[in-house]
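Q: My questions will all concern the structure given below.
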Amino acid sequence: MNAFALNTDIPPLSSPSDQRFLRDVLGEFVTGVTIMTTLNQQGEPVGLTANSFNSVSLTPPLVLWSQNRQSSNASVFSQASYFAVNILEVGQAPLARQFASKVADRFAGVSYELAAEGVPLLTGCLAWLVCRRQQHYEAGDHLIHLAEVVACQHQSNQAPGLVFHRGQFFSSSGGRSE
């Protein structure tokens, strides 16, 4: 006996208006919030907010994240030998918005240090991972960046993490973040 019934009321995605609906459906999945950072070929810091970060493997230590291929700095991250994953705490929602914006200098007023590999580590984050790029893959309208973790650190006195749900920032402990 089958324990499930086939739902035939779910329509297939077939029109451009369905993209908004799909985005809303995917927005039901709660994600952590990170800022990816690296240096461009001129040695200037580059960064962007990403909630597509994921661990892949502990042995070897691999992570991935995806980036829109139309992003103004897609080629910078595709060519970078190293990048950093800055995992944000709940009080850093304004920083996440700044790095998600189209401002010319996302690092304006931002405190950071350079890791030994030369990538920016943002001050006050819950954790940092320094990653060496292994490969990137084209997948639809995104690039998937696969990298090996070569160094990492986290704070011992951690605040709640910043999460993203339904287009808004929240605390990983449940409260809405401003």
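The values are calculated or read from the model by the stated rules, or taken from the named source; none is laboratory data. Being a predicted model, the structure only gives us computed values, none of them experimental. Methodologically, a virtual Cβ is constructed for each residue, glycine included, from the backbone with ideal geometry; neighbour enumeration extends over all protein chains shown. These area figures cover heavy atoms from the full protein model, side chains too; ligands, DNA and RNA do not enter into them. Shrake-Rupley method; radii C 1.70, N 1.55, O 1.52, S 1.80 Å.
Q: Here are the criteria: (1) among the aliphatic types (A, V, I, L, M); (2) in contact with an Asp or Glu (Cβ under 9 Å, 6 or more places away or on another chain); (3) at pLDDT below 95. Tell me which single one LEU62 does not satisfy.
A: (3)
Q: Just to be sure I understand the filter: pairs with C-beta atoms under 6 Å, separated by 6 or more residues or on different chains, first member in region 77-92 and over 11 Å from HIS145 (Cα atoms), second member among the small types (Gly, Ala, Ser) and assigned to a loop (DSSP other than H, G, I, E, B). Which pairs pass?
A: Between residues of region 77-92 that are over 11 Å from HIS145 (Cα atoms) and residues that are among the small types (Gly, Ala, Ser) and assigned to a loop (DSSP other than H, G, I, E, B), the close pairs are GLU89/ALA159; VAL90/ALA159; VAL90/SER177.
Q: Would it be correct to say that PHE169 is in contact with a helix residue (DSSP H, G or I) (Cβ under 6 Å, 6 or more places away or on another chain), open to solvent by less than 50 Å² (accessible area, probe 1.4 Å) and under 23 Å from SER55 (Cα atoms)?
A: Yes; evaluated as a whole, the condition is true for this residue.
Q: OK, next. Grab the strands (runs of 3 or more DSSP E) fully contained in region 91-174, keeping just those with 1 or more residues being modelled with pLDDT under 95 and among the basic types (Lys, Arg).
A: Once the strands (runs of 3 or more DSSP E) in region 91-174 are filtered for at least 1 residues that are modelled with pLDDT under 95 and among the basic types (Lys, Arg), nothing remains.
Q: Output the residues belonging to region 118-159 that are out of contact with any Lys or Arg (no Cβ under 8 Å at 6 or more places or on another chain), more than 25 Å from ASN68 (Cβ to Cβ) and open to solvent by 50 Å² or more (accessible area, probe 1.4 Å).
A: Residues satisfying the conditions are THR123, CYS152, GLN153, HIS154, GLN155, SER156, ASN157, GLN158.
Q: If you go through region 27-38 one residue at a time, do you hit one that is modelled with pLDDT under 90, more than 14 Å from the chain's Cα centre (by Cα), over 24 Å from CYS131 (Cβ atoms) and part of a helix (DSSP H, G or I)?
A: No; the residues of region 27-38 include none that is modelled with pLDDT under 90, more than 14 Å from the chain's Cα centre (by Cα), over 24 Å from CYS131 (Cβ atoms) and part of a helix (DSSP H, G or I).
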